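The values are calculated or read from the model by the stated rules, or taken from the named source; none is laboratory data. Source: prediction; values computed, not measured. A quick note on method: Cβ atoms are made from the backbone with ideal geometry, for glycine too, and the neighbour counts reach across all protein chains shown. These area figures cover heavy atoms from the full protein model, side chains too; ligands, DNA and RNA do not enter into them. Shrake-Rupley method; radii C 1.70, N 1.55, O 1.52, S 1.80 Å.
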Amino acid sequence: MNDDPARTDEPGRRPRMAVHKFSSCDGCQLALLNAGDALLRLAERVELVHFAEAGPVDPEAAVDIALIEGSVSTAEDRARIVRIRAHSRFLVTLGACATAGGIQALRNFTDGDEWLSSVYARPEYISSLANVSPIRDHVHVDLELWGCPVSGHQVLTAIGSLLAGAPPAVPDESLCLECKRQQAVCVMVTRGAPCLGPVTRTGCGALCPRFGRDCYGCYGPAEHPNTQALGRRFAGLGLVDEAIARRFHFINSQAPVFLEAGQRRRGNHDD
Ligand code: SF4
Ligand code: SF4
């Protein structure tokens with residue numbers, strides 16, 4: 001929390017809120033917009049000063065709550081997040097990109113220049129940092145919300161808590177518990193699918209298992225994730241070390257516990 005309220009605490013004024021985009025696909029902003037009536041009710045309680053996808057544009061405004069979508073992948077991103085932090089009371093990351101790198105962080109495991117040359121006709125026009133990084137690597141983050149995309153309901157609930165002066169409660173139990181509550185059939189037990197649910201936090205409503213798919217870890221690490229045991233289970237299902245590493249190094253690859261789990265597998269130190 002930035003305890004410099006001087007610019008934002010005039011009496012009678014509604015709390016100000018901004019939504020900023022960094023390197024991302026806009027899906028988390030869409031999840032927020034899709035909240036519909038609940039978002040309209042929030043808009044009656046806060047002054048939405050910057051949310052380019054919804055209308056208002058004032059990226060340099062001092063705010064009480066700044067929501068950040070996307071990760072840092074350019075020098076301009078890096079300078080901008082420092083400026084935003086300086087004029088925001090609470091800074092909240094929205095989703096996998098902002099919280100743990102997102103898909104674009106996959107280039108951290110390869111030769112980014114080679115990718116640039118194979119994708120762009122004139123790669124010399126592209127200027128990016130060597131690695132993609134989550135927001136927490138650059139500034140203090142007050143609250144991290146996970147998911148790809150985030151749950152609009154979870155975002156609005158967390159904002160409601162901040163406005164009420166209460167610490168937001170974000171669930172971090174394993175997805176397996178939600179799977180049981182939803183009475184979904186376990187795809188790992190019944191089909192031998194390499195499901196990341198045992199080490200992934202709930203928040204999606206067990207969407208993939210309910211449709212017969214294994215979890216890809218969109219919501220990031222659960223509390224006390226035993227990635228070594230799950231890696232051994234995946235090996236028992238027939239996955240080679242590189243395939244196991246890629247399961248951990250996916251949407252949330254820069255979450256330290258997933259990063260380390262994948263690196264251990266690539267180093268083959270997990271047996
Ligand atoms: S977390 Fe997923 S949905 Fe959200 S901006 Fe990143 S890629 Fe898009
Ligand atoms: S399907 Fe995945 S998340 Fe659901 S109980 Fe099985 S291992 Fe856990």
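For this structure, a couple of remarks:
- Euclidean distance between Cα centres, region 165-203 to region 41-95, Å: 30 Å
- Under Karplus coefficients 6.51, -1.76 and 1.60, residue-wise ³J(HN,Hα) of region 177-192 in Hz, glycine/proline x: 5, 5, 4, 5, 4, 7, 6, 7, 6, 6, 6, 6, 5, 8, 10, x
- Of ALA79, VAL49, GLY27, farthest towards positive along the dipole that unit charges on Lys, Arg, Asp, Glu beta carbons give region 5-164: VAL49
- Estimated [θ] at 222 nm from DSSP helical runs (n ≥ 4, -39500 (n - 2.57)) normalised by residues in the chain, nearest 500: -10000 deg cm²/dmol
- The length gained by stretching the chain between VAL189 and ASP58 to full extension, at 0.36 nm per residue less their Cα-Cα distance, is 42.1 nm.
- Over region 5-164, the Kirkwood radius and the radius of gyration, each from Cα atoms, give a ratio Rg/Rh of 1.01.
- Along principal axes, Cα extents of region 175-266, largest first, whole Å: 35, 25, 19
- Portion, in percent, of the accessible area of the chain that falls on carbon or sulfur, probe 1.4 Å: 54 percent
- Ranked by the mean number of other Cβ atoms within 10 Å of their residues, highest first, the peptides 236-243, 28-35 fall in the order 28-35, 236-243.
- Solvent-accessible area per residue, Å², over the chain with all protein chains present [probe radius 1.4 Å]: 48 Å²
- Fraction of beta bridges assigned by DSSP in region 1-156 that are antiparallel (%, nearest 5): 10 percent
- Summing +1 for each Lys or Arg and -1 for each Asp or Glu among the other residues whose beta-carbon sits under 10 angstrom from that of VAL19 gives -1.
- Considering only Cα atoms, the convex hull volume of the chain works out to 144 Å³ per residue.
- Sequence ranges 107-113, 229-235, 61-67, ranked by mean other-Cβ count within 10 angstrom, highest first: 61-67, 229-235, 107-113
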